[in-house]
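**Student:** Take this structure, written in structure tokens, and hold onto it; I'll ask about it next.
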Amino acid sequence: EVNVCVPFTRNYDIMEEGINKIVATGLTPLALALDKAISHISKKNLKNPLIMLITDGIPTVSLWTSDPINDAVSAADRIAKNKINFCCIGLQPNKDCLIKITDAARGKLYILDELNREGLVEVAKKSSQW
């Protein structure tokens, strides 16, 4: 399942409220999440859009091939081709995979020791200044 936790906004209170609703569960269909984010953004006429990916894992569910990591990298490449800004917030053990995805999207990567509210809000505020 893929959800949009924060709607298009520049309001930090709305952003913080959405971040507080994030609950990590189950598998990680990352290629699907990125693909849906691109589609969601494409339906709007947005100026300077940003996809902010917050993940506690690495891709575990494939979308187009049998390789979930390769699919996520391919989806991330589509982010760059669509000129969408990208930010990834992830955990240290998954850094190598997240570097590949962030590089493909031509974005910024923030590695945290844990995904806690304070760290996420701080990074979200930095990233939203694009």
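The values are calculated or read from the model by the stated rules, or taken from the named source; none is laboratory data. What you are looking at is a predicted structure, and each value in this text was computed from that prediction instead of being measured. We place every Cβ from the backbone using ideal geometry, glycine too, and count neighbours over all the protein chains shown. Side chains included, ligands, DNA and RNA excluded: accessible areas come from the protein's heavy atoms. Shrake-Rupley method; radii C 1.70, N 1.55, O 1.52, S 1.80 Å.
**Student:** The stretch 26-130: which GluC sites (Glu not before Pro) are DSSP loop and have at most 12 other beta-carbon atoms within 10 angstrom? List each step's numbers first, then the result.
**Tutor:** Numbers: sites: E114, E118, E122; in loops: E114.
Taking the stretch 26-130 and a limit of 12 other Cβ atoms within 10 Å, the loop GluC sites (Glu not before Pro) found are E114.
**Student:** Direction-averaged shadow area of the convex hull around the Cα atoms of the chain, nm²? Display every interim value, and only then the final one.
**Tutor:** Working: hull surface 28.8 nm².
Orientation-averaged projected area of the Cα hull: 7.2 nm².
**Student:** Sticking with this one: Show me the ranking of peptides 83-91, 95-103 by mean Cβ neighbours inside 10 Å, starting with the highest. Intermediate results must be reported in sequence, preceding the final value.
**Tutor:** Numbers: 83-91: 19.9, 95-103: 17.9.
So the order, starting with the most tightly packed, is 83-91, 95-103.
**Student:** Under the classification rounded if a/c is under 1.5, otherwise prolate if a/b is larger than b/c and oblate if not, where does the stretch 79-130 fall, given a ≥ b ≥ c as square roots of the Cα gyration tensor eigenvalues?
**Tutor:** oblate
**Student:** Using only the alpha-carbon atoms, what does the stretch 48-104 span along each of its principal axes? Please give whole angstrom values in decreasing order.
**Tutor:** 30, 26, 14
**Student:** For the chain, what % of the accessible area comes from carbon and sulfur atoms, probe 1.4 Å?
**Tutor:** 48 percent
**Student:** Calculate, for the chain, the solvent-accessible area per residue in square angstrom, rolling a 1.4 angstrom probe over the heavy atoms of the protein chains.
**Tutor:** 60 Å²
**Student:** Dipole of the chain, Cα-centred, from +1 at each Lys and Arg C-beta and -1 at each Asp and Glu C-beta, to the nearest 20 debye?
**Tutor:** Dipole of the chain, to the nearest 20 debye: 720 debye.
**Student:** Taking the Cα of R10, stepping 7 Å toward and past its beta carbon, and measuring to each backbone N in the stretch 86-130: which are under 11 Å?
**Tutor:** Residues passing the 11 Å test: 129-130.
**Student:** Next question, about the same structure. Consider a paramagnetic label point 7 Å from the Cα of V2 along Cα→Cβ; state which residues of the stretch 15-54 have an amide N under 14 Å from it.
**Tutor:** Residues 28-43, 51-54 fall inside that zone.
**Student:** Now for a different question. Under a plain spin-label model, where a point goes 7 Å from the Cα along Cα-to-Cβ, how far apart in nm are I99 and N82?
**Tutor:** 2.7 nm
**Student:** Further question: Short version: ³J(HN,Hα) in whole Hz for each residue of the stretch 79-88, in order, from phi by Karplus 6.51 cos²θ - 1.76 cosθ + 1.60 (θ = phi - 60°), x for Gly and Pro, what are they?
**Tutor:** 4, 4, 5, 8, 6, 9, 5, 9, 9, 10
**Student:** May I pose another question? If packing is taken as the average count of other Cβ atoms within 10 Å, what order do 3-11, 32-40 fall into, highest mean first?
**Tutor:** 32-40, 3-11
**Student:** What Kirkwood hydrodynamic radius, in Å, does the stretch 5-82 give when the mean of 1/r is taken over all pairs of distinct Cα atoms and then inverted? Provide the component values of the computation, followed by the final result.
**Tutor:** Numbers: mean 1/r = 0.0735 Å⁻¹.
Evaluated over the stretch 5-82, this radius sits at 13.6 Å.
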